[in-house]
Amino acid sequence: MKLLRRLGCLVGRHERWRERVWRDGSFYKGICRHCRVPMVQDAKRRWHVDRGR
Ligand SMILES: [Zn+2]
């Protein structure tokens, strides 16, 4: 596991991993390509960290 993370991740601006997006019900989900944090797309097509609910 990498200790060094991208600066964007540290400030909450994760980079969605385009090749790792899947559909979960009516939402698209994905992960950050640097730190693998789970992400979810909202109704406005903006990506957020998926905090579980
Ligand atoms: Zn990240």
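Some points to look at:
- When the alpha carbon gyration tensor of the chain is reduced to an equivalent ellipsoid, the three semi-axes, largest first, read 20, 11, 9 Å.
- Sum of -39500 (n - 2.57) over DSSP H runs of 4+, divided by residues of the chain (222 nm, nearest 500): -1000 deg cm²/dmol
- Between the residues CYS9, GLY25, MET39, the greatest Cα displacement towards the positive end of the dipole of the chain, with unit charges on the Cβ of Lys, Arg, Asp and Glu, is found for CYS9.
Laboratory data are not the source of any read-out in this text; all were calculated from the coordinates shown. All values derive from a computational prediction rather than experimental measurement. Glycine gets a Cβ as well: all are built from the backbone with ideal geometry, and neighbour counts include every protein chain shown.
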